[in-house]
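So the structure is just underneath, and the comments pick up after that.
Bear in mind that the values in this text are calculations on the coordinates, not laboratory data. The structure displayed is predicted, hence computed values, not measured ones. Glycine also receives a Cβ, built like all others from the backbone with ideal geometry; neighbour counts cover every protein chain displayed.
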Amino acid sequence: MTKKPRGAIRLAQAPDAQAILDIYAPYITDTAITFVSTLPTVEEIQKTMVDIKKRYPYLVCTIGDEVVGFAYANRARPHEAYRWNAELSVYIDAGYQGRGIATALYTALFQILKAQGFCNLYAVITLPNDPSIALHKHFGFKELATHRADGYKMGAWRDVLWMLYRVEGVASPEVHGPPTPLSKLRPNEIETALSMATALLSGAQ
Ligand SMILES: CC(C)(COP(=O)(O)OP(=O)(O)OC[C@H]1O[C@@H](n2cnc3c(N)ncnc32)[C@H](O)[C@@H]1OP(=O)(O)O)[C@@H](O)C(=O)NCCC(=O)NCCS
């Protein structure tokens, strides 16, 4: 693998939407890695970002001024009983893969999600995708099930692997209630997670 770059992990902001779209677009148009088939507009990315950030972390990795990757958590399923669950997404610019960027993004994402009180973190992976499976195993995810021919994209039925990371030692929902929305988390908890992840990137020079 190539030398890891200098960079920073921070919360995504509205002006990052164009760069996020630029990273995401080839996966939409040229692959079945995502089952999204229609390119969103920059405004749609911004709206989704605002919605997600009310409850979940939405992070970017920057190198200099350039956004080179993003990761976020989102609602897994709508019912109240699933409030302790989140589904993760991570996309790295093709030119920046294999440099520890997803690792840094996930390190911060995990720390924030744990501080919020989430219990079940899911990765939903269209097969084949060895890099994504390896990344998630690296972070302790276990394979749950493969849904055969679960989605049809780019002229073929696609198998989808569900992986789960179960957060150990989570407090009882009766005592602590549902996860704290991101907007209500103490800023220093977010800052600590972002600094730790940023140090991972810069410490790897
Ligand atoms: C999967 C993806 C997010 C990994 O991002 P990345 O920044 O390249 O990953 P990292 O450099 O942090 O590597 C983290 C771990 O993932 C694994 N990994 C990453 N790339 C890999 C590859 N090409 N082959 C095998 N394992 C790989 C390794 O276990 C690695 O840990 P190690 O370096 O200690 O061995 C990236 O390849 C990507 O954006 N792919 C396209 C989008 C995608 O598939 N997103 C996930 C949808 S479910």
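Quick notes on this structure:
- Residue list for region 105-124, filter: near the ligand (Cβ under 7 Å from one of its atoms) and crowded, with 21+ Cβ neighbours inside 10 Å: Ala123
- Test result for Tyr58, touching a helix residue (DSSP H, G or I) at 6+ places or on another chain (Cβ under 8 Å), under 26 Å from Leu185 (Cβ atoms), within 13 Å of the ligand (Cβ to nearest atom) and not aliphatic (A, V, I, L, M): no
- Subset of region 18-32 (residues that are touching a strand residue (DSSP E or B) at 6+ places or on another chain (Cβ under 7 Å), closer than 13 Å to Ala94 by Cα and within 12 Å of the ligand (Cβ to nearest atom)): Ile23, Tyr24, Tyr27
- Scanning region 156-205 for residues being of a type in the set (S, T, N, Q) and assigned to a loop (DSSP other than H, G, I, E, B) gives a total of 3.
- Some residue of region 76-95 being in contact with a Ser or Thr (Cβ under 7 Å, 6 or more places away or on another chain) and either of a type outside the set (A, V, I, L, M, F, W, C) or surrounded by 15 or more Cβ atoms within 10 Å (Cβ to Cβ) (or both): no
- Some residue of region 74-84 being without any contact (Cβ under 8 Å) to a residue 40 or more places away in the chain and under 15 Å from the mean Cα position of the chain (by Cα): yes
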